[in-house]
Structure formats: structure tokens, C-alpha cells
Amino acid sequence: MSEGPSYGFDTLQIHAGARPDPATGARNTPIYQTTAYVFRDAEHAAALFNLQEVGYIYSRLTNPTVAVLQERLATLEGGVGAVCCSSGHAAQIMALFPLMAPGRNVVVSTRLYGGSITQFSQTIKRFGWTAKFVDIDDLDAVEAAIDDDTRAVFCEAVANPGGHVADLDAISAVADKAGLPLIVDNTSATPYLCRPIEHGATLVVHSMTKYLTGNGSVTGGVVIDSGKFDWSASDKFPSLSEPEPAYHGLKFHETFGPLAFTFHGIAIGLRDLGMTLNPQAAHYTLMGIETLSLRMERHTQNAEKVAAWLETHPHVDGVTYAGLPSSPYYERAQRICPKGTGGLFTVALKGGYDACVKFVDSLELFSHVANLGDTRSLVIHSASTTHRQLTPEQQEAAGAGANVVRISIGIENAEDLIADLDQALNAAHA
Ligand SMILES: *Cc1c(COP(=O)(O)O)cnc(C)c1O
């Protein structure tokens, strides 16, 4: 596709990054199921290995199918480049890797996907990194948590599972003042509903496993770079601003400018950490993204109907959906995600833990699974599953207390979803 900055989202989600296959004219992007690529000659091979010429060497680093997906995602998020990886969790490590070093820390929101809380509070310690958890709504606390060793601020745009909407404009201003990048996990909102870069984010990460692929068929992740951060403004980011010994002293920021983070992600991150997305998975995700806007519209319409219905149900204590006028985040959502807040929310049931477990077991149309963002409606009791490793305090802070069920509304008929929820609520209280 030729450069078309005026194309709308629906057009770009189908065309960005793709062109008919130069060898065969194939209209759909082929799955380049190959490990390696033949060099034209020894000189060409040397230039590729020196990063003097961009091209394909080996599929741990780059692959043409994956490259189309990277360009499409960078376009949809309004970034300059993207690096796909094997999962959302891989993307989070890949986003932090060029910024961090032993002794450094990242300031993160307490309202995160349960697996991210575990990754940040436990696993990254093995690298000598630490995470400082803060209430991301408390901007003074965010500012106070930042110290000389902080290298990034991390939050979710619309938090899984509680549906909290982060004030990205305000948080990015705090990060900016401290000379730090803001990393935003945009998994729950997708670029159709929220574009974090327009609200000051430096990097955007996704679990593509969820809405981007959209049908529960693959695991994947991506890091998208805004290209706007000045990595050389301080001495805090030597991986990007200082000479890289593994490439004959090349300086990524000086050499690649706004593409420094993306080149580093491929040439160092994928090369040495190896968390690569396979071309088959990239193909499924490309197919999913073609209908992203249509699905997100229906997810949102259905969630608005179901959440409004649940809110008035006698067995329900509360619904945390930012698309409901009763939500404390309703006003903020109009600014951060004006087209709606997606299909994910939690519902607090009267009757606590026991009622939640019985409710989940009684649902028929909803599937009880550890996933979200599928065409199918899904449900899970976070406290006994995805957030099980957390303390009760961490569960509460993440919006996943014992009386709370997470619901991912699919694109079925809303009336059918409501009927199923109604019979399960009644069964849970029989
Ligand atoms: C699922 C999820 C992740 C992790 O992604 P995987 O693809 O499962 O590794 C990260 N953040 C959010 C918000 C998620 O929902």
C-alpha cells in the first residue's frame, strides 16, 4: 500500500504494511515458512550482519510475514516501528530490556493483569530489576516513587480486570518531567478504542493473544515505539545511546534515530533473548486485525447492554465498567477512549466467593477459561485463578477480590448473553 496518511482506521487495519507478494502476486500475505534467506553474495551477507543494509537473515530476527504485522501495528498505534514477540509477557520483557540493568527499577501501576503483577514483583528480580507498585491515579505517589534508578513508568490503558482507565495525559507528563519513557499496555482497549501515543506514551505493548487476533487461536505480543523519546538526552539509557560492543561500537540512537528502539529490539532483543513470533501466528493475527474495528464496536455495544442490565440485578453488588455513567472513570474514558471501553469488566456478586464459584459453574454460553478478548463470551473468577498467586491486598488493589468475577463479553447476541447470566445468577443464589 502506498503512503496514505489520510486513510481511516478501517482501511489501514486491512491494508497497512501489506502489498501483493512480489514473487507470485498473492493478494493475501503469504506465510513465509522459512528459517533462512539466501544471500545474494558474501558482500551482501556481511552488510546485513553489520546492520548496514536492512534485509532478511534468519527468522529468529526477521521474517516477511511477521514484518507485515509489525508495520500494520505500528501504523494503527501511530508509532514508527514495532517488534513482534512470542507472547504479551515476552513483549513486556522486550520493552524493558533496553532500558533496564541490575539495580534499576520500573514504577508500575497496582492495577495490572495478574500475570504482569507476578512477572514484575517476582520474576524480574532474577535480572536484578525491581518494580515499585503505585496507585497510578495518585500522581504525587507516582512522582515520589521515581528515583535516580528508575528507568520507566508502566501502566495499562484500560486495566484488566477492573476496567480502570488510566489518565495517560497526566501520567505521561509526570514521566516526561523525570526524563523517563511511559510504557502502556493497550491490550484491553486496542488501538481502535485507545491510542496511547496520542496521550504521551513512549512505548505501547500488547498481548496479541487477546483482541488483536480476536478468536482465541494464538499467543503473541508486540512492542510499538512512538519514535518520540530522546534516548541520548541523559546518560540513563546507555544501551541505546552508547557504543554497542556486539556491533563494532555502533550507537543505536545516533545511527537509527527514531527507529533506534525498534532496531535494538530486533538486533539485540530477538537475536539474544529469542522470544520470536512465528510466521504462522503472525498470519492468524493479521487475519484477526482485518476485522478489529467491527469486533471492538460489537464487543463494546454488547458490554454496555450487559453491564447496564447486571447493574440493576438484585444478586449483583456492583459492576466496574467504565462505559457505565455510574463509573468513576466514565468522564475520563470519554477523553482516553472516546469510542468506548471495550468488552471487559468485573461484576461483584452478593454471596461472595461461594456465589462466584457457583455462578461460574452454572453458565452455559459463557466459557470458563483463562483468556479474554475472544469472539466468544468468557468468564473467570480471578481470585481463584489468574490472580491466585497474589495476596488478598494485591487482589483488592488489582480489582480482583474474592467476590468478583471477570467477564469478557463476546460478539454474540446480547439477549442470549443476558439470558445465560440471569439463569446462572439465579442458580448461584438458589
Ligand atoms: C494476557 C495479558 C498479558 C499477557 O499476555 P500473554 O500473551 O498471555 O503473554 C499482558 N497484559 C494484559 C492486559 C493481558 O490481558
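The values are calculated or read from the model by the stated rules, or taken from the named source; none is laboratory data. Just so you know, these numbers come straight off a predicted model, no measurement behind them. When we count neighbours, we look across all protein chains shown, and the Cβ atoms used for this are built from the backbone with ideal geometry, even at glycine. When the accessible area is computed, the model is the full protein with side chains, heavy atoms only, and any ligands, DNA or RNA have been set aside. Shrake-Rupley method; radii C 1.70, N 1.55, O 1.52, S 1.80 Å.
Some points to look at:
- Among 266-273, 277-284, 75-82, 35-42, sorting by the average number of other beta carbon atoms lying within 10 angstrom of each residue, highest first, gives 75-82, 277-284, 266-273, 35-42.
- A 1.4 Å probe run over the protein chains yields, for the chain, 40 Å² of accessible area per residue, whole-number rounding.
- As a calculated quantity, the FRET efficiency between Q301 and H248 at R0 = 60 Å, using C-beta atoms, amounts to about 0.65.
- Expressed as a whole percent, the accessible area of the range 231-281 that falls on carbon and sulfur atoms is 54 (1.4 Å probe).
- Difference of contour (0.36 nm per residue) and Cα-Cα distance, F39 to A370: 114.8 nm
- Near A333, once Lys and Arg are set to +1 and Asp and Glu to -1 for all other residues with Cβ below 11 Å from its Cβ, the sum equals +1.
- FRET efficiency for the E198 to D230 pair, using the beta carbon distance and R₀ = 22 Å, is estimated at 0.70.
- In a DSSP loop and with at most 16 other Cβ atoms within 10 Å, the trypsin sites (Lys or Arg not before Pro) in the range 219-267 are K228.
- The length gained on full extension between K339 and K177, counted as 0.36 nm times the residue separation minus their Cα-Cα distance, comes to 55.4 nm.
- FRET efficiency, 1/(1 + (r/R0)^6) with R0 41 Å, evaluated for F49 and N413 via beta carbons: 0.15
- Model label sites at D135 and T391, defined 7 Å from Cα along the beta-carbon direction, differ in position by 1.7 nm.
- Separation of the range 16-37 from the range 73-97 is 21 Å, based on Cα centroids.
- An oblate overall shape is assigned to the range 9-288, the ratio a/c of its alpha-carbon gyration tensor axes (a ≥ b ≥ c) being 1.5 or greater and a/b not exceeding b/c.
- Span-like helix ranges in the chain, DSSP H, alpha carbon extent 27 angstrom or more, Kyte mean at least -1.0: 292-311
- Cross-link reach list, aspartates and glutamates versus K125, counting only Cα pairs under 19 Å and skipping chain neighbours closer than eight places: D147, D148, D149
- Bridgeable lysines around K305 (alpha carbons under 24 Å apart, same-chain partners fewer than 8 residues away excluded): K210, K339, K350, K358.
- Beta bridges from DSSP with both residues in the range 292-428: antiparallel share about 85 percent, rounded to the nearest 5.
- Order of exposure, largest accessible area first, which applies to M287, M275, M94 with probe 1.4 Å: M287, M275, M94
- Isolated cysteines in the chain, defined as those with no second cysteine Cβ under 4.7 Å, comprise C84, C85, C155, C356.
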